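Enquirer: Provided herewith is a single structure, encoded as structure tokens, for subsequent inquiry.
The values are calculated or read from the model by the stated rules, or taken from the named source; none is laboratory data. Owing to the predicted nature of the structure, the values given are computational and were not obtained by experimental measurement. Here Cβ is always computed from backbone atoms with ideal geometry, including for glycine, and neighbour counts include all displayed protein chains. Just the protein is used for accessible areas: all its heavy atoms, side chains included, with ligands, DNA and RNA removed. Shrake-Rupley method; radii C 1.70, N 1.55, O 1.52, S 1.80 Å.
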Amino acid sequence: MALNYDYDETNETWPFFLLTVLLMIIVPLTISQFYKIFIKKDEEEQLTKEEFKKNVLSKLNDKYTSSDIKDFRKKFDNKKQSNIFCWKNLIIIGGWILVAFLIQRISSNDAIIDSAKGIFDPYEILGVSGSASERDIKSAYRKLSVKFHPDKLPKDLSEQEKNSMEETFVQITKAYEALTDEAVRENFLKYGHPDGPQSTSHGIALPSFLIDSTSSLILVIFYISSFVLLLPYFVSKWWNKTKLYTRNNLHIKTAGSFVSRLVNYKPSQIATVDLIIEWLSHAEEFKIFYPNLTPKDFETLLQDHIHNRDSKINGKDANEMKYRIVAKCHTLLHGFLEVCCGFRNLEMAIVCMDTFKCIVQGIPLTKDSQIFQLPNVNEEILKNGSVDEIHTLGKLFTFSDNEIGKILGIKDEDRLQETLTVASNIPQIKLLKADFVVPGEEYVTPQSTPYISIKVLMRSAKQKSIPVDKFPNEMLQESDDFEDLKNPFASMEKEPLMPTSFAPRFPTNRRNTWCCLIALQKDIKILQTPYRLERLSLNNLSKNLDKRTVKELGDDFNPEDWEIGFIKLPLGQQAPAELGSIHMRVVIKSTDYFGADLDLSMAMNVREPPKIDELKDDIYNDNDSDVNDSDDDDLEDDSGSESEYTDIDTDTEAEEEEEK
Amino acid sequence: MASTALRYNPNNKLINDDSDSLTESREISIMQINKLSTAIISESNPNFTPQLNDEHSKMIKSLFESGLAMLKQKKMPEALKNITLAVDMAQRSRAPYEAFGIQLQEIQFMLRHKIDLSLLTGRFLDALQDIEFLMNTGMAQSDVYIRKSDALLKLSQFEQAKICCERGLALHPNEVKLKALYLEINRRLADYNGDI
């Protein structure tokens, strides 16, 4: 092994090396950045513009948002959006300049051009194309050899010209041999030259000026710093980040505190929104934002938000702190919901979702929360004035517009109309049909993998309730397309994204999500992690079917005009091996709106698979009655089979964390 | 637990915690420990077996029976008062180590009467609390669900009533009363939501 390394003295290799590395980084980066800046931005802008046109709620949301919150939004949005001069763009620009410089250097470097000349290409020498036939090659060779053969050269040439002519002739002969003679051809293919292996040199593609005594020190320092300092630094930073935050972006300490609270939670304690807020206020995330404040302060801030009070901490205005804390609650509550599901605690999960609504709308949980989420409502008048029991939006819309104005204490006509618009655009779910479906099967068979399919009608509180039987059965059928059978959940992805919610008191713009929880009726324990539904068409809400004017649904009612929402929830477990029925409770809770929830009970009837073969049927006919008997036994003996079903370990991050 | 403020009082043999970090759950735990130690200290027979205290049983029984007697005379409020007293006594005066199985049966039996009386006298919130207590002791008979749904219905908590009724129906699919109640709840719920 050579002790002396050859460096790139003539600067012919390292520019290529550097160019390749540079282009490998810069080209994808440029493309992605271009996409982000031009295409995605356009799409987003279009989306929001369209939404503004279509969705009145988004517009009203903007209108009712206080200037304080708007300032806050601007401040925190700007950080993300100033993408013209961000570091990524600077890297791209610098990179391309470097590329240009390198290309210029390569093209002006004689050594590189020389070495490029040295490459032996027999086709070029003979002046034929790469796909030329043997005959063409032969004729080209003959022509050239006549011209350059030493015997046929004109006499009046100088010595030098003679020599170069002779050399060309040698080259031509070699090229011809390379293409025709077997042995020479092999040499050419193997080593790139008809004479066999050429002298090759191995070296390090570092420019020699880096190795010179002065700069070699810099190089060594660079190596050391990158391998000893920078690399460990970035790896440890990345590792800490992944270790500090759970999959749901919850700080590990926060998740730990949630887990310990749920472990120590006593059934005698009553789960309330206040309790959850107290638990939230111990979150590590808040402490990272504001290290000087105590959990008590955070609790006060959150309660201030819910009760719509101005916040002051130590006599100073703390509204901006409040907004930051409140905005963070989105992640915290989603994380907490996941922990609740890990503990299979449905009661807590439901209260968690109620807290979510309270924080998003900035109102406390009361019987009248549905009404208070509307803008302009006068609390005093609503509480004292109403004679009838009006706690829901649906009930509110049984009165005429004027009466509603009186009930809610809104005198201004425009404001009343805006309030009514908000009220009629809050989505409500009406259940049409719910079943357990096994793709490709008529019903649920033992140990099959069913999913829950819920057909709903998204409607407005203003609209007359449409009885389920108005919709023909075909509209509620599961699609039996091959694609749908293969992946039943794909169709849900095609639904439009939920529009921006009406939540003027929440510090950021947000979209409604429905969290779907599935629990067993037997012990009301949650079966699996929540499913988040973010896409559902709300086109029905704009349909005109005012319950105050339409008394009866006449013949002109066309079910085809209405869109039926398909909610498909994957089940994490198989159907049990035993026959019988299992009752489940499905809770679909909105994160943003009061009164937009659905709570239903479903029975999964596990039945014997249909007999495929007539003959088999005959053979087992005698046993059949037995099977039926045991069927009934199973039905009565339900509890046994169910408990087995319950014992299946639900995946839980929370438990894992607990173990840690 | 970082705090070391847990103190043992050698005179009354109780522990107490007067630190600032006293949380509600900690307080409950301390109370439970104290209750158990007082009960064991006051036991005169050192080789006791965890049996029911006859004296207490007698008192509770007599209180409960007087309540039932009142019920026969149609004096609902008095009957409720006596039975409530009996239930309270069963919960409070019994030592924590007394045979739990028998205690549980006793209290379940009395609570059911108490719930009925509360519902009759229109104390739905009390009834609801007792029903939840009863459910937590593992009772899942259909009549518990009927009573809970009914109480919730009377309290105009229709959504909760519907959920409770659905659960009752899931566990007891053939209960006619629950089915009737379910229809009623759905009707009231539709009215509550302005869908009629």
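Enquirer: List the number of the failed condition for residue B:196; all other conditions in (1) in a helix (DSSP H, G or I); (2) open to solvent by 70 Å² or more (accessible area, probe 1.4 Å); (3) facing chain A (nearest Cβ under 9 Å) hold.
Expert: (1)
Enquirer: Sort out which residues of the stretch B:134-179 are closer than 18 Å to residue B:113 by Cα and at the interface with chain A (Cβ under 9 Å from one of its Cβ atoms), and write them in order of number.
Expert: B:136, B:140 - these are the residues of the stretch B:134-179 that are closer than 18 Å to residue B:113 by Cα and at the interface with chain A (Cβ under 9 Å from one of its Cβ atoms).
Enquirer: What residue, of A:170, A:228, A:235, is modelled with pLDDT of 80 or more and in the same structural domain as residue A:130 (by TED's automatic domain parsing)? Full working, then the answer.
Expert: Details: A:228 fails: in the same structural domain as residue A:130 (by TED's automatic domain parsing); A:235 fails: in the same structural domain as residue A:130 (by TED's automatic domain parsing).
Answer to the check: A:170.
Enquirer: Which of the following residues is at pLDDT 50 or above, in contact with a Gly (Cβ under 7 Å, 6 or more places away or on another chain) and either among the aliphatic types (A, V, I, L, M) or open to solvent by 70 Å² or more (accessible area, probe 1.4 Å) (or both): A:606, A:587? Break it down stepwise before answering.
Expert: Details: A:587 fails: in contact with a Gly (Cβ under 7 Å, 6 or more places away or on another chain).
One residue alone meets the criteria, A:606.
Enquirer: Filter the stretch B:139-160 down to the residues that are more than 17 Å from residue A:584 (Cα to Cα) and among the small types (Gly, Ala, Ser) and list them by number.
Expert: Result: B:142, B:149, B:151, B:156.
Enquirer: Then there's this: Looking for whichever is away from chain B (no Cβ under 14 Å), more than 30 Å from residue A:357 (Cβ to Cβ) and outside any helix (DSSP H, G or I) here; the options are A:205, A:178, A:183. Which one fits? Talk me through it step by step, then tell me what you get.
Expert: Numbers: A:178 fails: outside any helix (DSSP H, G or I); A:183 fails: outside any helix (DSSP H, G or I).
Being away from chain B (no Cβ under 14 Å), more than 30 Å from residue A:357 (Cβ to Cβ) and outside any helix (DSSP H, G or I) holds for just one of A:205, A:178, A:183, which is A:205.
Enquirer: I'd like to verify a number: residues in the stretch A:373-382 that are free of Cβ contacts under 8 Å to residues at least 60 places away in the same chain and open to solvent by less than 50 Å² (accessible area, probe 1.4 Å), how many? Before the answer, list the steps.
Expert: Taking the stretch A:373-382 first, the residues free of Cβ contacts under 8 Å to residues at least 60 places away in the same chain are A:374, A:376-382.
Still in the list and also open to solvent by less than 50 Å² (accessible area, probe 1.4 Å): A:374, A:376-377, A:382.
Looking only at that region, the number is 4.
Enquirer: Still on this structure, please answer the following. Please specify each residue of the stretch A:394-407 satisfying the condition of being among the polar types (S, T, N, Q) and assigned to a helix (DSSP H, G or I). Full working, then the answer.
Expert: Taking the stretch A:394-407 first, the residues among the polar types (S, T, N, Q) are A:398, A:400, A:402.
The answer is A:402, and nothing else.
Enquirer: Can you find a residue that is among the polar types (S, T, N, Q), under 29 Å from residue A:13 (Cβ atoms), at pLDDT 75 or above and outside any loop (DSSP other than H, G, I, E, B) anywhere in the stretch A:126-146?
Expert: no
Enquirer: Yes or no: the stretch A:350-362 includes at least one residue that is within 13 Å of another protein chain (Cβ to nearest Cβ) and crowded, with 24+ Cβ neighbours inside 10 Å.
Expert: no
Enquirer: Just give me the residues in the stretch A:458-477 being assigned to a loop (DSSP other than H, G, I, E, B) and within 14 Å of another protein chain (Cβ to nearest Cβ), in sequence order.
Expert: As a first pass, look at the stretch A:458-477 and keep what is assigned to a loop (DSSP other than H, G, I, E, B): A:460-462, A:464-467, A:471-472, A:477.
Residues satisfying the conditions are A:460, A:461, A:462, A:464, A:465, A:466, A:467.
Enquirer: Also, quick follow-up: For a quick check of your reading of the model, give me the residue pairs whose first member lies in the stretch B:14-32 and is assigned to a helix (DSSP H, G or I), whose second is open to solvent by 70 Å² or more (accessible area, probe 1.4 Å), with beta-carbon atoms closer than 6 Å and at least 6 apart or on different chains.
Expert: Final answer for the pair search is B:25/A:264.
Enquirer: Take the residues in the stretch A:496-531 that are within 14 Å of chain B (Cβ to nearest Cβ) and of a type in the set (Val, Ile, Thr); name whichever of them is most open to solvent (accessible area, probe 1.4 Å). Lay out the reasoning, then the answer.
Expert: So the first thing to find is which residues in the stretch A:496-531 are within 14 Å of chain B (Cβ to nearest Cβ), and the list is A:517-525.
This time we only want the ones that are of a type in the set (Val, Ile, Thr), so: A:518, A:524.
Working: A:518: 3, A:524: 61 Å².
Only one residue tops the list, namely A:524.
Enquirer: Which residue pairs have Cβ atoms under 9 Å apart, sit 6 or more places apart or on different chains, and have a first residue in the stretch A:84-112 that is open to solvent by 100 Å² or more (accessible area, probe 1.4 Å) and a second that is polar (S, T, N, Q) and in a helix (DSSP H, G or I)?
Expert: Listed by first residue and then by second, the contacts come to A:96/A:30.
Enquirer: Something else: Would the stretch A:440-457 turn up any residue that is open to solvent by less than 50 Å² (accessible area, probe 1.4 Å), within 14 Å of another protein chain (Cβ to nearest Cβ) and part of a loop (DSSP other than H, G, I, E, B)?
Expert: No, the stretch A:440-457 has no match at all.
Enquirer: If you don't mind, another one. Over 18 Å from residue A:516 (Cα atoms) and more than 13 Å from every other protein chain (Cβ to nearest Cβ): does that describe residue A:341? It would help to see each step written out before you state the result.
Expert: Working: over 18 Å from residue A:516 (Cα atoms): no; more than 13 Å from every other protein chain (Cβ to nearest Cβ): yes.
Judged against the criteria, residue A:341 is not a match.
Enquirer: Do we find that residue A:597 is within 13 Å of another protein chain (Cβ to nearest Cβ), within 22 Å of residue A:373 (Cβ to Cβ), touching a residue at least 40 places away in the same chain (Cβ under 8 Å) and open to solvent by 20 Å² or more (accessible area, probe 1.4 Å) in this structure? Explain how you work it out, then say what you get.
Expert: On the way: within 13 Å of another protein chain (Cβ to nearest Cβ): yes; within 22 Å of residue A:373 (Cβ to Cβ): yes; touching a residue at least 40 places away in the same chain (Cβ under 8 Å): yes; open to solvent by 20 Å² or more (accessible area, probe 1.4 Å): yes.
When the stated conditions are applied, residue A:597 passes them.
Enquirer: Another question, if that's okay. State whether one or more residues within the stretch A:60-78 are more than 30 Å from residue A:109 (Cα to Cα), modelled with pLDDT under 85, of a type in the set (Ser, Thr, Tyr) and in a helix (DSSP H, G or I).
Expert: no
Enquirer: While we're looking at this one, here's another question. Among the residues of the stretch A:544-561, is any acidic (Asp, Glu), within 14 Å of chain B (Cβ to nearest Cβ), over 30 Å from residue A:446 (Cα atoms) and within 28 Å of the chain's Cα centre (by Cα)? It would help to see each step written out before you state the result.
Expert: Of all residues in the stretch A:544-561, those acidic (Asp, Glu) come to A:546, A:552, A:555-556, A:560-561.
After this cut, where a residue has to be within 14 Å of chain B (Cβ to nearest Cβ) as well, the list is A:546, A:552.
Narrowing further to those that are over 30 Å from residue A:446 (Cα atoms): A:546, A:552.
Right, trim to within 28 Å of the chain's Cα centre (by Cα) and you get none.
No, the stretch A:544-561 contains no residue that is acidic (Asp, Glu), within 14 Å of chain B (Cβ to nearest Cβ), over 30 Å from residue A:446 (Cα atoms) and within 28 Å of the chain's Cα centre (by Cα).
Enquirer: Pairs under 8 Å by beta carbon, first residue over 22 Å from residue A:500 (Cα atoms) in the stretch A:410-422, partner of a type in the set (Ser, Thr, Tyr) and surrounded by 11 or more Cβ atoms within 10 Å (Cβ to Cβ), six or more apart or different chains?
Expert: Pairs found: A:410/A:419.
Enquirer: With the structure loaded, tell me whether residue A:211 is out of contact with any strand residue (DSSP E or B) (no Cβ under 9 Å at 6 or more places or on another chain), farther than 30 Å from residue A:139 by Cβ and of a type outside the set (Phe, Trp, Tyr) or whether it fails that test.
Expert: Details: out of contact with any strand residue (DSSP E or B) (no Cβ under 9 Å at 6 or more places or on another chain): no; farther than 30 Å from residue A:139 by Cβ: yes; of a type outside the set (Phe, Trp, Tyr): yes.
No; evaluated as a whole, the condition is false for this residue.
Enquirer: Can you name the number of the only condition in (1) of a type outside the set (A, V, I, L, M); (2) closer than 16 Å to residue A:144 by Cα; (3) under 60 Å from the mean Cα position of the chain (by Cα) that residue A:194 fails?
Expert: Unmet condition: (2).
Enquirer: May I ask you to say which residue of B:37, B:57 is assigned to a helix (DSSP H, G or I), surrounded by 16 or more Cβ atoms within 10 Å (Cβ to Cβ) and at pLDDT 80 or above?
Expert: Working: B:37 fails: surrounded by 16 or more Cβ atoms within 10 Å (Cβ to Cβ).
Being assigned to a helix (DSSP H, G or I), surrounded by 16 or more Cβ atoms within 10 Å (Cβ to Cβ) and at pLDDT 80 or above holds for just one of B:37, B:57, which is B:57.
Enquirer: Also, I was wondering about something else. For the stretch A:383-408, enumerate the residues that are open to solvent by 10 Å² or more (accessible area, probe 1.4 Å) and away from chain B (no Cβ under 14 Å).
Expert: A:383, A:384, A:385, A:387, A:401, A:402, A:406
Enquirer: Right, next: It is to be established whether one or more residues within the stretch B:141-149 are farther than 22 Å from residue A:523 by Cα and out of contact with any Phe, Trp or Tyr (no Cβ under 9 Å at 6 or more places or on another chain). I'd like the intermediate steps shown before the answer.
Expert: Residues of the stretch B:141-149 farther than 22 Å from residue A:523 by Cα: none.
The answer is no, given that none of the residues of the stretch B:141-149 is farther than 22 Å from residue A:523 by Cα and out of contact with any Phe, Trp or Tyr (no Cβ under 9 Å at 6 or more places or on another chain).
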